[in-house]
Amino acid sequence: IDYELDQDGKMTSATVNMSQPVLNPADIQVKLDSQQVVGHEVEITGKKFNITCVSMGNPHVIIFCDDVSVIDLEKIGPVIENDPLFPQRINVHFVSVDSRSELTMRTWERGTGITLACGTGACAVCVAGVLNELSNRNCLIHLPGGDLTIDWCEKDNCLYMTGPAVEVFEGTWPL
């Protein structure tokens, strides 16, 4: 972990090593016979999607689109999450490319629903952007809950996630 402090000594941001991406479909629990799932066309409920699958310790499917705000995520998210292609279910991310260094994503998290942020998902989105030749290895990801900077380091193949750090609670635990 690396962090930045303000003049009062309070943490303002933190960087975390999120480890290396997993790209083997069998390890992600995707029923496709290939070395990687990158820009792979599939049909789910009569609709065609180009999917990229990445695991960051949990499975993610990334679908690039022109505008994430027009996706009916509440309707399509659970359908993709529960498709037989993903026997252990999967986190679903729709992503629009703002530039090679900025992406916007929306997430349907498996077993949860629409979420405001997903750190492992943002890392998976960065990997998918690079593999589909749509983004740089270092990019700013816009999520409904705030922005994250993701750096997929060539040196160690790890993803480093940087985001704001704010105190949200303080308490005392009785002994």
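The values are calculated or read from the model by the stated rules, or taken from the named source; none is laboratory data. Given the structure is predicted, the values throughout are model-derived calculations rather than measurements. Cβ coordinates were reconstructed from backbone atoms using ideal geometry, including for glycine residues, and neighbour counts include every protein chain displayed. Surface accessibility is based on the protein's heavy atoms, side chains included, excluding ligands, DNA and RNA. Shrake-Rupley method; radii C 1.70, N 1.55, O 1.52, S 1.80 Å.
Numbers for the structure displayed
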quantity	calculated
Neighbour-limited loop hits for trypsin sites (Lys or Arg not before Pro), the range 93-134 (at most 15 other Cβ within 10 Å; DSSP other than H, G, I, E, B)	Arg100
Accessible surface, the range 36-165, averaged per residue in Å² (probe 1.4 Å)	44
At R0 = 25 Å, FRET efficiency that the Cβ-Cβ distance of Lys75 and Asp147 yields, to 0.05	0.40
Crossing angle, helix 119-131 versus the chain [Cα axis fit, 0-90 degrees, rounded to tens]	50
Theoretical gain in end-to-end length, Asp6 to Gln29 [0.36 nm per residue, Cα-Cα removed]	4.0 nm
Extreme residue, positive dipole direction of the range 75-175, given options Val168, Trp108, Cys158 (C-beta unit charges)	Trp108
Sulfur and carbon atoms: percent of accessible area, the chain [1.4 Å]	49
The chain: Lys pairs at Cα distance under 24 angstrom, eight or more positions apart or on different chains	5
Point-charge dipole on Cβ atoms (K/R +1, D/E -1) for the chain, about Cα centre, debye to 20	520
Share antiparallel - DSSP beta bridges, the range 1-125, percent rounded to 5	85
Helix-only CD estimate at 222 nm, as mean residue ellipticity for the chain, using -39500 (n - 2.57) per DSSP H run (n ≥ 4)	-4000 deg cm²/dmol
At R0 = 22 Å, FRET efficiency that the Cβ-Cβ distance of Ser19 and Gln88 yields, to 0.05	0.70
Most mobile of Gln88, Gln29, Gln20 in a GNM of the chain (Cα contacts under 10 Å)	Gln88
